[in-house]
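The values are calculated or read from the model by the stated rules, or taken from the named source; none is laboratory data. Here the structure is a predicted model, which is why all the values come from computation and not from measurement. Positions of Cβ are backbone-derived with ideal geometry, glycine not excepted, and every protein chain shown enters the neighbour counts. The accessibility values were calculated without ligands, DNA or RNA, using every heavy atom of the protein model including side chains. Shrake-Rupley method; radii C 1.70, N 1.55, O 1.52, S 1.80 Å.
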Amino acid sequence: RTRYIQTELGFHERLFVAVLTSKATLNTLAVAVNKTVAHHFPRLLYFTGLRSAKVPHGMVLVAHGDERPIWLMYETMNYIHQHFGSDYDWFYIMQDDTYAQAEQVKALVTHLSINQDVYLGRAEEFIGGDEQARYCHGGFGYLLSRSLLLKLHPHLDSCRNEILSVRPDEWLGRCIIDFLGVTCVSQLQGQHYHTYELAKNTEPEKEEEEEFQAALAVHPVSDMTLMYRLHKQFSRIQLDRVYQEIQDLQMQIRNLTALTPAGEAGVTWPVGINAPFLPKSRFEVISWDYFTEQHLFSCPDGSPKCELSGASKADISEIIESAVEQLNRLYQPLLRFSKRQLLNGYRRFDPTRGMEYTLDLLLEAATQKGHSHVLAKRVSLVRPLSKVEIIPMPYVTEATRVQLVLPLTVQDLDFVANFLDMFAMNTLDTHDNALLTLLFIYHPYDAQRVGQVDVFAGVKAMVGELEKRYTEVKIPWISVKTEVPSQVKLMDIVSKKHPVDTLFFLASVWTEINMEFLNRCRMNTISSWQVFFPVHFQEFNPALVYRGEQTASSNTDFLRDGHFDRHSFAEACFYNSDYMTARTKLAADILDRDEVLESMEVFDVFLHYSGLHLFRAVEPGLVQKYTLRSCNPRLSEELYHRCVLSNLEGLASRSHLAMALFEQEQANST
C-alpha cells in the first residue's frame, strides 16, 4: 500500500523546527518568523513559558507555564522527545529573534549523515570553562540529530538538578558535553554552519559582504520590520542565484547540444524545458483554446463562448503583461513597446512541459527620438510546470465502518436483486465492516395504496431473506413520499437518523459493491478535510458493441467496452458531520426556499458550502452494467440534461456507433 510505505518501513520525516518565544514577543517577533519562514519548514512549533490570552492565527503554540529560561529549555526538550522523537531525523532549535534561511537549513540536513551524534551551530566558549568544550549559541540556532536527542533524554532530569547556568543554550551545551561527551561544532562532514551577527542600525539592503550572503542564520533581529527586510533581501539574493544558475545551465545545454547528431537544431525552446508533446495519432493532438481580453471560447460548461473571469482572467492579464515586458527588455533602449490591443490569443496545456501561449499583439513602438509606429507582433510564451508539491494529508485507516445508503424508486426494482446479491457476496460473506440502509421513495399515488399493494414488497421480502441468512445483520429501510426525489432532501432524512461520525457511501442501484472500492472510500474520505466523489465505469450497450457476438470475457478489455461517466454524481463518500456542517450553511443561504434543493445534488452542497477538498477521480472498482436510466423531468434543467447526456454517451463509442450506422445503411440498401 503506497500510502503506508514510509510508516511500515520505519522511515522518518526529515526536519522538525522548534522556535523559542515568550509572552512579550509572541505577537511581534514570533509572528514575523511565522510569516517569513514558517511555511518553508515541514513542521514548526512555538514554545513559550506563559501564553497570551489570544494566540496569533496559524501558529501552533506549546506553553509550559513558567518563564524561567532553563525550565523552558528543559520542558521543550522533553516535549520534543515525547511527541516527535520517533518521527523526525533532525531537530532545529531557534529563537524568535533569529532569521533563518529555511531552504538553506533544509539543504544542510540533506547532506548530513543521520548515523552520527550531531550538535551543530555557532560554537562558543564557556565563560571560565574548558577551552576545548563548546556550546552552540542559541541566538543563531542549532541542529540536533535524532540519535543525540534519544541519548540525551534520560539525562535531562540530572542536568536540571546538577547544572547551574543563566543561559539556556549554555545549560543545554553543558548537559550534552557532560553526559554525552559531544561538543558543538560549526563544521561537519564538509558542511559549514554559516552565521552572521547583525550590528545596530544595520541596513540589510546594503549588506554585500560574502559572510552575510552565505549565512544560514542571522542574529539578533530586534523588531518585526527588520525581520521582513532581512527576508526580502535574502529572497532577492536567492532569486539572483537561481537566475544565474538557470543562465549557466542554459549555456551548458546549448554547448552540449551543438555536439550531438542533431546539432543546434536539437535545442528546444525555452532552453532547458521539455520539448512539446508529439502526438502519434490525430486522437492525441492537444487542441488550442482561443481567447480575447474579454471572452474565452472554450468554456468548462461546454458553451461556445463565456466571459473571461477569475483565475483565467488573471492568468491572461499576467501573460500579456509579461510578453510586453520581455519585448521591452529585448529591444530597449532603441525601442519601447506599449500594448494597444490583444488581437488573438491561444493557449493549451501540454502535460510534458506546462501551459503554452501564442499571442498576436497590436503594439505601439516608440523610438528614442520620440517617433512611434503601430505594428502587430506574434509572441510565444510558456508557463512551465514547477516542482511537484506533496500536500500533507491527515492519517486515515481502513478500519472505518461504511454506511451504504441506497435510494430506490419504482423504476429501480428490476436491479435491486443483483445489488443485494453483490452486497451479500462482497461484504457480508467477507465480514467487511459495512452496513446498508435502503431508502424507499414512494410516489404519492403508490403511497396511498401501500395498504393494498406495496410496490416495494418484493424488495422487503429479499431483505428479510438476507436477515435470515445472516442473523447478525440488520438492514433497515426508510420510506419517503415525494414526486421529486431530490438527492439533498433524501440525504437530510438519512443524516438525522445516524451519528455525526458516520461515513456514508451514497450508492446507486446499478453499483456493484466490492471490498476494493470500499477501502478506497475509507482512504479517500477524511473527516473535516476531504470528500470523495468517484467516477464509475459505465459499460456500453452490448447490443451495439458486440452486435450478437460473444461478449468479451477478459478483464483486460473492460476499458474498451465502456467509459467513465463524468456526468454522474450519484456515488459519494463523506462523513455525516461534514454534510451537516455544509447543510447548515446552505440552509442559512436559501432560508425557506426549499424548491432550490430540487436543483442541487450532494456534490453541489459540498462544492459551494463546505470549504473541504472535493476529490473527484475515476474509479475502476465501480463498474456498472449498461441500462437506460429514467430521467425525471421534474428535476432542474441542469440535472435532467446531465442525466440525458449520461444515457447518450453510455450507448457506445463513436467507432461502435459508426459501425452500427454503416451496417444499418448496408441492410437498408439491400
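Side notes on the structure shown:
- Cα gyration tensor category, rounded, prolate or oblate, for segment 402-658 with a/c compared to 1.5: rounded
- Residue-level accessible surface for Tyr346, protein heavy atoms, 1.4 Å, Å²: 70 Å²
- Percent antiparallel among DSSP beta bridges (both partners in the chain, rounded to 5): 55 percent
- Student exercise, the chain dipole from Lys, Arg, Asp, Glu Cβ charges, in Debye to nearest 20: 840 debye
- Mean-position separation - Cα centroids, segment 98-152 and segment 450-465, in angstrom: 74 Å
- Shape of segment 82-163, Cα gyration tensor, a/c cut at 1.5: oblate
- The Cys299 and Thr268 beta-carbon pair, evaluated with R₀ = 41 Å, returns a calculated FRET efficiency of approximately 0.80.
- Acute angle (nearest 10 degrees) that the helix 637-649 long axis makes with the longest principal axis of the chain, alpha-carbon atoms: 80 degrees
- Label zone at Leu180 (point 7 Å along Cα-to-Cβ), backbone N below 17 Å, segment 89-130: 89-94, 109, 112-124
- Neighbourhood charge, 12 Å Cβ-Cβ cut-off, centred on Pro168 and excluding it, Lys, Arg +1 and Asp, Glu -1: 0
- Sequence of Asp592, Asp157 from largest to smallest accessible area, 1.4 Å probe: Asp592, Asp157
- Average accessible surface for the chain: 55 Å² per residue, computed with a 1.4 Å probe over protein heavy atoms with every protein chain in place.
- Mean-position separation - Cα centroids, segment 279-316 and segment 218-243, in angstrom: 40 Å
- Percent carbon-and-sulfur accessible area, the chain, ignoring ligands, DNA and RNA, probe 1.4 Å: 53 percent
- To the nearest ten degrees, helix 487-496 and the longest principal axis of the Cα atoms of the chain are 70 degrees apart.
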